[in-house]
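Asker: This structure is in structure tokens; I'll ask about it shortly.
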Amino acid sequence: MEVAVIIPTKNEENSLPHLLSSLKKQTFRKFKTYVCDSDSTDKTKEIAKKYGAIITKGGLPAIARDHGAREAIKKGAKILIFIDADVILPTKDFLEKSVKEFKERKLDVASTEIIPCLIKKIKGKERFLPSKDVRLMLFYSIYNLIMRKSQNGKRPFMQNYMISNKETHKKIGGFENLEFGEDSEYSKKAVEKGFKFKLLETPGKVFVSIRRFKEKGFLRMLILYLYFNARVLMGHKFIIQEKRGYFK
């Protein structure tokens with residue numbers, strides 16, 4: 001398959017079904033899904049198998065994505081789509097539009113804007129709706145603005161839903177072993193080496209979970225994100241340490 005969807009996981013039994021279900025409904029069918037699992041102790045791997053995903057070795061997101069990319073490239077993948085496990089594709093043609101625009105604009109790396117998502121049961125069925133929390137709407141609006149403004153510069157931001165071609169991935173050496181900011185470091189390295197990065201326009205915004213804000217509280221997460229991003233802008237790299245996780 002020319003296209004590979006690569007998903008890093010660790011104990012994602014609550015989120016992964018939503019993403020895999022949205023992938024199963026896509027009009028674009030010429031892709032294989034790789035779930036790169038980091039020794040999950042819940043039903044993550046069972047769920048992945050149920051949806052026909054290929055399970056590979058995992059780790060923290062940067063490492064897991066590289067494992068998945070390596071396996072996908074071996075099987076002939078030319079376009080790599082990296083999606084976080086708590087993302088949901090909002091429309092049935094999201095992949096189709098993504099791949100089409102990626103090719104037509106001759107991009108090497110791309111991403112999309114993001115929107116906070118709520119999962120609600122309406123008449124017995126789960127519905128995915130944009131969050132109406134004003135704080136979250138403002139937070140993600142600012143983040144989208146930063147991504148849009150940075151896409152033409154030397155330090156473009158990207159997150160949650162990322163596309164790369166295999167040549168770019170191999171030449172920049174994949175994702176750096178960072179525990180935070182590995183996604184934007186990837187696009188930064190690509191631009192530094194002369195590859196073309198842009199935000200995609202036609203697919204729209206991808207849905208992202210607000211679970212961290214719910215679990216840890218909005219103010220705490222806001223302070224963490226501001227602190228970490230400020231450190232990154234000052235040149236600090238959050239190198240992966242085996243027993244440490246900034247968002248555990």
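Each value in this text was obtained by applying a stated rule to the coordinates, not by laboratory testing. The model shown is predicted, which means the values in this text are computed figures rather than measured ones. All Cβ positions, even for glycine, are placed from backbone atoms using ideal geometry, and neighbour counts span all protein chains on display.
Asker: Can you find, among M234, L219, L60, the residue farthest towards the positive end of the dipole of the chain? Put +1 on the C-beta of Lys and Arg, -1 on that of Asp and Glu.
Answerer: Most positive-ward Cα: L219.
Asker: If you don't mind, there's one more thing I want to ask. Which value, in debye to the nearest 20, describes the size of the charge dipole of the stretch 1-48 about its Cα centre when Lys and Arg Cβ atoms bear +1, Asp and Glu Cβ atoms bear -1, and nothing else is charged? Spell out each step's value before the answer.
Answerer: Numbers: 8 positive and 7 negative charges, 73 e Å.
For the stretch 1-48, the charge dipole is close to 340 debye.
Asker: Once label points are set 7 Å from the Cα along Cα→Cβ at both L138 and K103, what is their separation, rounded to one decimal in nm?
Answerer: Going from the L138 label point to the K103 one covers 4.4 nm.
Asker: Only one of the listed values, [x] 55, 24, 16; [y] 23, 23, 20; [z] 28, 21, 16, was derived from the coordinates as semi-axes √(5λ) of the Cα gyration tensor in Å; which label is it?
Answerer: Recomputing semi-axes √(5λ) of the Cα gyration tensor in Å here picks out [y].
Asker: Students often forget the sequence filter, so: which lysines lie under 26 Å Cα-Cα from K214 once same-chain residues fewer than 8 apart are removed?
Answerer: Here the lysines satisfying the reach criterion relative to K214 are K10, K43, K45, K120, K121, K123, K125, K132, K205, K243, K248.
Asker: Using Cα pairs closer than 8 Å and at least 6 residues apart in sequence, work out the relative contact order for the stretch 22-115, in percent. Walk me through the numbers before you get to the answer.
Answerer: Details: 78 pairs, mean separation 30.9, N = 94.
After rounding, I find 33 percent.
Asker: Residue by residue through the stretch 24-32, what is 3J(HN,Hα) from phi via Karplus (6.51 cos²θ - 1.76 cosθ + 1.60, θ = phi - 60°)? Round to whole Hz and write x for glycine and proline.
Answerer: Working through the residues one at a time gives 5, 8, 5, 5, 7, 10, 8, 8, 10 Hz.
Asker: Please check which bits of the stretch 168-182 a label hung off N229 would reach, taking the label as a point 7 Å along Cα-to-C-beta and the cut-off as backbone N under 16 Å.
Answerer: Under 16 Å, as judged by backbone N against the label point of N229, lie 180-182 of the stretch 168-182.
Asker: For N14 and E126 in one chain, what is 0.36 nm times their gap in residues minus the Cα-Cα distance, to one decimal in nm? Provide the component values of the computation, followed by the final result.
Answerer: Numbers: separation 112, 0.36 × 112 = 40.32 nm, distance 1.30 nm.
Full-extension gain reported as 39.0 nm.
Asker: Calculate the spin-label point distance for K92 paired with R155, positioning each point 7 Å from the Cα along the beta-carbon direction, and give it in nanometres.
Answerer: Simple spin-label model gives 4.3 nm for this pair.
Asker: Here is a follow-up. Dividing the convex hull volume of the Cα atoms of the stretch 1-80 by its residue count, what figure in Å³ per residue is obtained?
Answerer: Details: hull volume 5.8 nm³, N = 80.
Residue-normalised Cα hull volume stands at 73 Å³.
Asker: A further question follows. For K75 and N177, what is the calculated FRET efficiency with R₀ set at 25 Å and r taken between the beta-carbons, to the nearest 0.05?
Answerer: Details: r = 24 Å, r/R0 = 0.96.
Result of the calculation: an efficiency of 0.55.
Asker: Mean residue ellipticity at 222 nm from the helices of the chain, using -39,500 (n - 2.57) per DSSP H segment of n ≥ 4 over the full residue count, to the nearest 500 deg cm²/dmol? Before the final figure, lay out the partial values.
Answerer: Values: 9 runs with 97 residues, N = 248.
Roughly -12000 deg cm²/dmol at 222 nm, from the helical runs in the chain.
Asker: Can you give the charge dipole size of the chain about its Cα centre, rounded to the nearest 20 debye, using +1 on the beta carbon of Lys and Arg and -1 on the beta carbon of Asp and Glu?
Answerer: On the way: 52 positive and 29 negative charges, 86 e Å.
In total the dipole reaches around 420 debye.
Asker: Now for a separate question. Quote the relative contact order of the stretch 3-210 in percent (integer), defining contacts as alpha-carbon pairs under 8 Å separated by 6+ residues.
Answerer: Worked out over the stretch 3-210, it gives 26 percent.
Asker: With +1 assigned to the C-beta of every Lys and Arg and -1 to the C-beta of every Asp and Glu, and no other charges, what is the dipole magnitude of the stretch 1-96 about the Cα centre in debye, to the nearest 20? Mind dumping the intermediate values first?
Answerer: Working: 17 positive and 13 negative charges, 96 e Å.
It works out to roughly 460 debye.
Asker: Loop by DSSP (not H, G, I, E, B), at most 14 other beta-carbon atoms within 10 Å: where is the longest site-free stretch of the chain for chymotrypsin sites (Phe, Trp or Tyr not before Pro)?
Answerer: After excluding every exposed loop site, the longest remaining stretch is 1-245.
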